[in-house]
Amino acid sequence: MAQRIGETARALALPLAKKAAGLVTRAIPIPRPTLLVGPGSSVRLAEAIAGFGHRRVFVVADPVLARLGLVDPFLASLEAGGCRHERFDEVTPDAPIPIVERGIEAFRAARCDAIVAFGGGSVMDAAKVIGLAAANRRDPRTLVGYFRAFAGPAPIYAVPTTAGTGSEVTVAAVISDPEAGRKLVIADTRIVPQIAALDPELMAGLPRAVTAATGMDALTHAIEAYISGWRTDESDRLAETAVRAIFQNLPIACRSGRDLVARERMALAATWAGMAFTRANVGNVHAIAHQLGGRYHTPHGLANAIVLPHVLRFCVAEAAPRLAALARALGLGKARDAESALARRFIAEVEALARGIGIPERLDALRASDIPALAEAACWEADTNYPVPRRMDEADCATILRKLLPEVSAKPPSSGRRRAARTSAAARKGNASTARGRSPRATD
Ligand SMILES: NC(=O)c1ccc[n+]([C@@H]2O[C@H](COP(=O)([O-])OP(=O)(O)OC[C@H]3O[C@@H](n4cnc5c(N)ncnc54)[C@H](O)[C@@H]3O)[C@@H](O)[C@H]2O)c1
Ligand SMILES: [Fe+2]
């Protein structure tokens, strides 16, 4: 009974609080980084940073990027410009707090006064939090939430090496607490980087499954911003342009990773989608994906990609005009088609895109016994943050999650055979995400 009263109060009070937050969010000034775009832009950024007169620059990357030597030309260019630097290559996926803490210590010990975030979303977010926590001498856990810091970080420059999160332009940083199995969001306009270089050459070797998952993260940002209650004309334009660019270029980037035109357009699309959602916010897809990432370490883009069509179907009635507009932007259907038909057509197209680039329909890691806790946490995150077109309660969320459970056959032996067949088929296609319900790391 008490729980039902709590649910009802939440359902009534939170929409009002969110409306008020939406008014602030629509108006608040959000800094825009200067963008350098194109092959070689990362080296041009290093040349520029070297001229800025920083005492010492803290370059954050991850072990894969370090091993691939992707950061070397950037560092060589810093050195050629006489800029001293300190490397921190330890960030692992989802920026776990213990690693962020090591980064904070290293940053302070090296007495750096600027930060370069050179990597995917995990690296960029770790770098943002290192800067913010060091400037405030605070434990990163105490910064979770909105505007919890007193001082802003040292200047941050970003070089994204995936085309997905948009972190190079967003007010957000997502870190993970491995002990609690949770992802934590820190939001502050002062962690938006000052300059970002979108260099497609750095993305040419990104494995197909990582390209697919990160590209679907960008698509999710654009769609969730487009159907958000906090959208603006500008966020709509950015999101719509991003959706079109992703549908055109993501299949090419997955098929021909070395196509620098497709890579550059995907990098731009992820940035536009980041600009859109940093204003309009995300929604129920992210609320669920964050729980899957926290508990099972499902790569963020992969979790979004699997959840996205289900959440869109859940809100298809409320979001029909918006989804129909996206269908029209893609040239789907006929002008006289009903909005509801166009909206469904758009969702089908999202599914076709995902299947075409090897995104699985289900999540092998998901356990039925975890669903109540996952649903509770996802609803809490959505209720307290996201201006969604249709509120999801725990039963709705559990229904969506059950659709993602790995298939089990009535007969255990044949289920094993089917799993084995599915796994080997996925492995043959080089798609470890289907094989393990997770996306492969770059080493796969
Ligand atoms: N701050 C934001 O606004 C925001 C938005 C969405 C997601 N996120 C967060 O970002 C994180 C995910 O970031 P991501 O999807 O970019 O993945 P990631 O940074 O975790 O990278 C995924 C893998 O790809 C490898 N990799 C990266 N670039 C490569 C390259 N060019 N070549 C070869 N391998 C490369 C990495 O080493 C890693 O193993 C999650 O924690 C997510 O919650 C943040
Ligand atoms: Fe995301």
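The set of residues in region 113-167 being crowded, with 24+ Cβ neighbours inside 10 Å and aromatic (Phe, Trp, Tyr) consists of 118, 157.
For residue 263, which of the numbered conditions (1) over 22 Å from residue 385 (Cα atoms); (2) crowded, with 21+ Cβ neighbours inside 10 Å; (3) more than 13 Å from ligand 1 (Cβ to nearest atom) fails to hold? Just one mismatch for residue 263, condition (3). Within region 331-345, being aliphatic (A, V, I, L, M), surrounded by fewer than 19 Cβ atoms within 10 Å (Cβ to Cβ) and at pLDDT 95 or above holds for 332, 338, 341.
Based on this model, can you work out whether residue 194 counts as over 22 Å from residue 310 (Cβ atoms), more than 15 Å from the chain's Cα centre (by Cα), more than 16 Å from ligand 2 (Cβ to nearest atom) and in the same structural domain as residue 305 (by TED's automatic domain parsing)? No, not satisfied.
State all residues of region 62-103 that are loosely packed, with under 14 Cβ neighbours inside 10 Å and within 10 Å of ligand 1 (Cβ to nearest atom); if no residue qualifies, say none. Hits for region 62-103 are 63, 67. Do we find a residue being more than 16 Å from residue 59 (Cβ to Cβ), at pLDDT 95 or above and in contact with a Phe, Trp or Tyr (Cβ under 7 Å, 6 or more places away or on another chain) anywhere in region 113-123? No, every residue in region 113-123 fails to be more than 16 Å from residue 59 (Cβ to Cβ), at pLDDT 95 or above and in contact with a Phe, Trp or Tyr (Cβ under 7 Å, 6 or more places away or on another chain).
Might you check whether a residue that is of a type in the set (D, E, K, R), within 13 Å of ligand 1 (Cβ to nearest atom) and not in a helix (DSSP H, G or I) occurs anywhere in region 200-210? Give the derivation first.
So the first thing to find is which residues in region 200-210 are of a type in the set (D, E, K, R), and the list is 201, 208.
From what is left, the residues that are within 13 Å of ligand 1 (Cβ to nearest atom) are 201, 208.
Next, from what is left, pick out any that are not in a helix (DSSP H, G or I): none.
No, there is no match, as no residue in region 200-210 is of a type in the set (D, E, K, R), within 13 Å of ligand 1 (Cβ to nearest atom) and not in a helix (DSSP H, G or I).
Within region 307-344, the residues that satisfy the criterion of being under 30 Å from residue 369 (Cα atoms) and touching a Lys or Arg at 6+ places or on another chain (Cβ under 7 Å) are 310, 314, 315, 316. Within region 154-168, if we keep just the residues that are more than 11 Å from residue 60 (Cα to Cα) and aliphatic (A, V, I, L, M), the residue that is farthest from ligand 2 (Cβ to nearest atom) turns out to be 154. Applying the criterion of at least 2 residues that are at pLDDT below 95 to the helices (runs of 4 or more DSSP H) found wholly in region 346-435 leaves 371-385, 412-428.
Residue-wise test of (1) crowded, with 24+ Cβ neighbours inside 10 Å; (2) under 18 Å from the mean Cα position of the chain (by Cα); (3) away from ligand 2 (no atom under 15 Å from the Cβ).
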residue	(1), (2), (3)
286	yes, yes, no
289	yes, yes, no
294	no, yes, no
299	yes, yes, no
303	yes, yes, no
318	no, no, yes
321	no, no, yes
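The set of residues in region 138-195 that are out of contact with any Phe, Trp or Tyr (no Cβ under 6 Å at 6 or more places or on another chain), more than 11 Å from ligand 1 (Cβ to nearest atom) and among the aliphatic types (A, V, I, L, M) comprises 143, 144, 149, 151, 154, 156, 180.
The values are calculated or read from the model by the stated rules, or taken from the named source; none is laboratory data. Please read all numbers here as calculations on a predicted model, not as lab measurements. When we count neighbours, we look across all protein chains shown, and the Cβ atoms used for this are built from the backbone with ideal geometry, even at glycine.
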